[in-house]
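Each remark here refers to the structure printed beneath this line.
Read-outs throughout are calculated quantities, based only on the coordinates presented, and are distinct from any laboratory measurement. Quick caveat: nothing in here was measured; it's all calculated off a predicted structure. Here the Cβ positions follow ideal geometry from the backbone for every residue, glycine too, while neighbour counts run over all protein chains shown.
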Amino acid sequence: MKRLRIELIIGLMAFFTVVNCASAPVKWFRPGTSQATFSRDKADCEEALFSTGTTQRTKEVYSLEGCLEAKGYTAIPLSSQ
């Protein structure tokens, strides 16, 4: 019973984190990067994401945001500009 409650709390926290991150529009920035390079990097990340499969676990581990961050991009909220 206690384990189920902990898993439920963790699941809800993850859900709200994803919803919060997904709802805030951002601009991706990496110093010295052109729009063409960003478009290519984003397309590479999207292709990699789609090739991982569609299970819930792969969606949690792989994300477009995580891929772009791994390539050196930083998400800047549009509301801060």
Item checked: Taking L78, L49, L64 and counting other C-beta atoms within 10 Å, the order from fewest to most -> L78, L64, L49
Checklist line | Amide H contacts of V26 (H built 1.01 Å from N, under 5 Å, at least 5 apart or other chain) | finding: L78
Notebook entry, point to check: How long is the gain from A75 to A24 if the chain were fully straight, where each residue apart is worth 0.36 nm and the alpha carbon distance is subtracted?
Noted result: 17.3 nm
